[in-house]
Amino acid sequence: MKVCKFGGSSLANAEQIRKVCDIMLSDPDRRVMVVSAPGKRVSEDIKVTDLLIALANAIISGYDGERELSDIMIRFSDIASELELQTDILVRIEQDLRSRMCSDCSNSLKFMDSMKAAGEDNCAKLVADYLNSIGKMAAYFDPRESGMLLSEEFGNAQVMPETYERLSELSKYQGIVVFPGFFGYTPGGEVVTFSRGGSDITGSILAAALEAQIYENWTDVDSVYSVNPNLIKDPHPVSEITYDEMRELAYAGFSVLHEESLTPAYRKGIPVNIRNTNNPSARGTYIVNHRVNFDGIVTGIAGAKGFCVLNMSKYLMNREVGFALKVLQILADEHIPFEHMPSGIDSISIVMRQSVFSPEREKRVVRRLINELAMEKISVDRNLAIVMIVGEAMARTVGVTARAANSLSKAGVNLEIINQGSSEISVMFGVREEYCNYAVKELYKEFFLR
Ligand code: ASP
């Protein structure tokens with residue numbers, strides 16, 4: 001069985017919904033579809049989820065929300081009338097939205113999640129109705145009854161372990177299961193959503209629960225590209241990539257799938273296939289556990305801004321047992337997560353996201369490093385970017401780092417940090433933020449155009 005997730009652009013209007021249903025019906029193994037809320041029809045459009053957030057905010061601020069409600073109803077009624085659905089679906093959608101609007105909004109996070117979930121929930125009902133209207137066996141499945149149990153972290157829920165077994169029951173249904181993405185229920189019965197873009201996570205959870213042969217993630221690009229297409233025109237497409245490579249690239253700014261969405265499929269070894277709803281004949285990109293096809297040494301290059309580094313040194317640091325532990329304890333006491341920790345004999349550098357290291361926190365950490373650990377030299381370098389080259393084949397190739405460093409040095413980019421992950425599938429360079437895009441382009445030239 002194949003589990004298919006369709007993103008917002010694949011459900012933005014009636015024409016897209018027809019395409020999505022054709023895709024489902026063209027392969028009998030496609031038995032489960034996870035749907036997002038209708039997304040943007042054109043770039044200046046507003047996603048239904050954002051319209052719902054505006055509606056929730058209006059109500060929280062004490063307005064009646066009628067104007068915002070009508071914007072949402074227009075989106076659904078355009079779709080329903082073009083799909084020639086009976087008007088009762090619109091009556092049901094409006095009733096559903098009004099009942100959510102009337103619920104208690106004193107806990108704004110809880111209220112917000114219940115409103116946000118309405119986009120996927122009603123879209124799934126509408127798609128199931130459409131499939132029935134053209135004579136196909138399909139049904140909407142309620143995440144509450146199906147057992148999509150999530151932690152009580154509003155806007156950022158995590159799946160509970162018992163969910164998988166409960167959802168496996170869905171395989172008993174003989175028609176097409178239409179399942180809304182993005183939300184589930186807490187053990188106390190409250191609606192709770194994942195973070196934004198979280199329908200990808202729902203799809204991955206269902207694929208894992210049903211032990212699917214593949215998790216197809218349908219979006220609006222033909223494949224994942226080796227570099228951000230906004231930086232390089234027509235970049236090299238990636239036909240196959242491992243979970244580990246994808247994770248490293250996602251970390252440095254690749255934003256194809258929701259970061260957390262890979263875990264459930266990965267744990268079960270289910271391949272993910274990124275496909276294009278607007279071009280279903282394209283093979284897309286396969287995300288797999290082990291690769292067999294290698295197009296080149298490097299799979300992808302990415303860059304992300306907003307990092308800083310705390311450098312510290314102390315003579316004979318290497319002789320002090322437990323020294324790094326004490327440094328990290330100070331960071332932990334301040335609730336500062338860190339990203340990388342390159343070290344020398346007498347020095348340690350801690351790379352962090354700038355957003356977690358405010359000047360106040362910096363002052364406290366520096367004071368403790370001096371007072372408690374007698375650190376001799378400390379400096380903080382802000383406004384750095386991380387540029388990564390990633391590829392499983394790099395681990396077996398001599399001289400990749402040298403080639404990358406050489407090309408950056410020839411281009412006049414100063415390397416503030418170099419760090420190779422222990423798995424040897426990635427090398428990270430820290431550069432000044434203003435060089436980030438330039439460095440990515442130079443590395444792309446070096447590894448893909450020479
Ligand atoms: N509709 C939600 C969002 O826009 C979830 C999703 O599409 O995955 O974030």
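The values are calculated or read from the model by the stated rules, or taken from the named source; none is laboratory data. Here the structure is a predicted model, which means the values were calculated and not measured. Don't worry about glycine lacking a Cβ; one is built from the backbone with ideal geometry, like all the others, and counts go over all protein chains shown. Accessible surface is based on the protein model in full, side chains and every heavy atom, while ligands, DNA and RNA are left aside. Shrake-Rupley method; radii C 1.70, N 1.55, O 1.52, S 1.80 Å.
Going by Cα centres, the stretch 120-156 and the stretch 288-341 are how many Å apart?
41
Just how large is the dipole of the chain about the Cα centre, in debye to the nearest 20, putting +1 at every Lys and Arg Cβ and -1 at every Asp and Glu Cβ?
The calculated dipole for the chain is roughly 1120 debye.
Need one number: nm distance between label points at I134 and S168, each 7 Å from Cα along Cα→Cβ, rounded to one decimal.
Output for this residue pair reads 3.3 nm.
Calculate, for E153 and R450, the FRET efficiency according to 1/(1 + (r/R0)^6) with r their C-beta to C-beta distance and R0 60 Å; round to the nearest 0.05.
Between E153 and R450 the formula returns 0.80.
As a test, work out the antiparallel percent of DSSP beta bridges whose residues both lie in the stretch 129-252, rounded to the nearest 5.
In the stretch 129-252, DSSP labels about 60 percent of beta bridges as antiparallel.
Could you identify which residue out of G188, G253, G39 has the top mean-square fluctuation in a GNM of the chain using Cα springs shorter than 10 Å?
Of G188, G253, G39, the most mobile in the Gaussian network model is G188.
Using packing as a proxy for protection, rank 238-247, 169-178, 395-404, 220-229 so that the peptide with the highest average count of other Cβ atoms within 10 Å comes first.
Per-residue mean Cβ counts within 10 Å order the peptides as 238-247, 220-229, 169-178, 395-404.
Kindly identify the stretch 1-138 as rounded, prolate or oblate by the Cα gyration tensor criterion: order the square roots of the eigenvalues as a ≥ b ≥ c, call it rounded if a/c is under 1.5, otherwise compare a/b with b/c, prolate if a/b is larger, else oblate.
Judged from the Cα gyration tensor, the stretch 1-138 comes out prolate (a/c at least 1.5, a/b above b/c).
Along the charge dipole of the stretch 310-368, Cβ charges K/R +1 and D/E -1, which of G322, P337, V366 sits furthest on the positive end?
V366
Only bridges whose two residues both fall in the chain count here: according to DSSP, what percent of them are antiparallel, nearest 5?
Roughly 60 percent of the DSSP beta bridges within the chain come out antiparallel.
Given Cβ point charges of +1 (Lys, Arg) and -1 (Asp, Glu) and nothing else, what value in debye, to the nearest 20, does the dipole of the stretch 103-233 about its Cα centre take?
Values: 9 positive and 18 negative charges, 56 e Å.
Around 280 debye, computed over the stretch 103-233.
Using a cut-off of under 17 Å, list every residue of the stretch 355-394 whose amide N is near the label point 7 Å from the Cα of H335 along the Cα-to-beta-carbon line.
Those under the cut-off are 355-365.
Provide the per residue accessible area, probe 1.4 Å, for the stretch 335-403, rounded to a whole number of square angstrom.
In whole numbers, the stretch 335-403 has 52 Å² accessible per residue.
For S239 and R432, calculate 0.36 nm times their separation in residues minus their Cα-Cα distance, and state this gained length in nm to one decimal.
Extending this stretch completely gives an extra 66.3 nm.
List the residues of the stretch 416-443 whose backbone N lies under 18 Å from a point placed 7 Å from the Cα of D381 along the Cα-to-Cβ direction.
Residues passing the 18 Å test: 416-421, 427-440.
Can you give the relative contact order of the chain as a percent, counting alpha carbon pairs under 8 Å and 6+ residues apart?
13
Show that you can apply the helix-only estimate: for the chain, add -39,500 (n - 2.57) for every DSSP H stretch of four or more residues, divide by all residues, and state [θ] at 222 nm to the nearest 500.
-11000 deg cm²/dmol
Residues with beta-carbon under 13 Å from that of L109, excluding L109: net charge, scoring Lys, Arg +1 and Asp, Glu -1? Intermediate results must be reported in sequence, preceding the final value.
Values: positive: K110, K116; negative: D104, D113, E152, E153, E190.
Neighbourhood net charge equals -3.
Counting only protein heavy atoms and a 1.4 Å probe, tell me what percentage of the stretch 273-409's accessible area is made up of carbon and sulfur. All intermediate terms of the calculation are to be shown ahead of the outcome.
Working: 3510 of 6710 Å².
C and S fraction of accessible area: 52 percent.
Out of the total accessible area of the stretch 16-118 (probe 1.4 Å, heavy atoms of protein only), what percent is carbon and sulfur?
Carbon plus sulfur share of accessible area: 50 percent.
Given a cut-off of 11 Å, what percent of all Cα-Cα pairs of the stretch 12-58 lie beyond it? Don't skip to the end; give the middle numbers.
Working: 784 of 1081 pairs.
That fraction is 73 percent.
Can you list the aspartates and glutamates whose alpha carbon sits under 14 Å from that of K445, skipping same-chain ones fewer than 8 residues off?
Partners found: D234.
Please give every one of the lysines within straight-line cross-link reach of K125, meaning a C-alpha to C-alpha distance under 16 Å, and leave out same-chain neighbours fewer than 8 residues apart.
K5, K116, K136
How about K441: which lysines have a C-alpha closer than 17 Å to its C-alpha, ignoring those fewer than 8 places off in the same chain?
Excluding near neighbours in sequence, the set is K233, K305, K410.
Work through the residues other than S347 whose Cβ is under 11 Å from its Cβ and net out their charges, Lys, Arg +1 and Asp, Glu -1.
With Lys, Arg at +1 and Asp, Glu at -1, the neighbours total 0.
Let's test this: bin the Cα-Cα distances of the chain at 20 Å from zero up to the farthest pair and state each bin's percent.
Reading the bins upward from 0: 23, 48, 26, 2.
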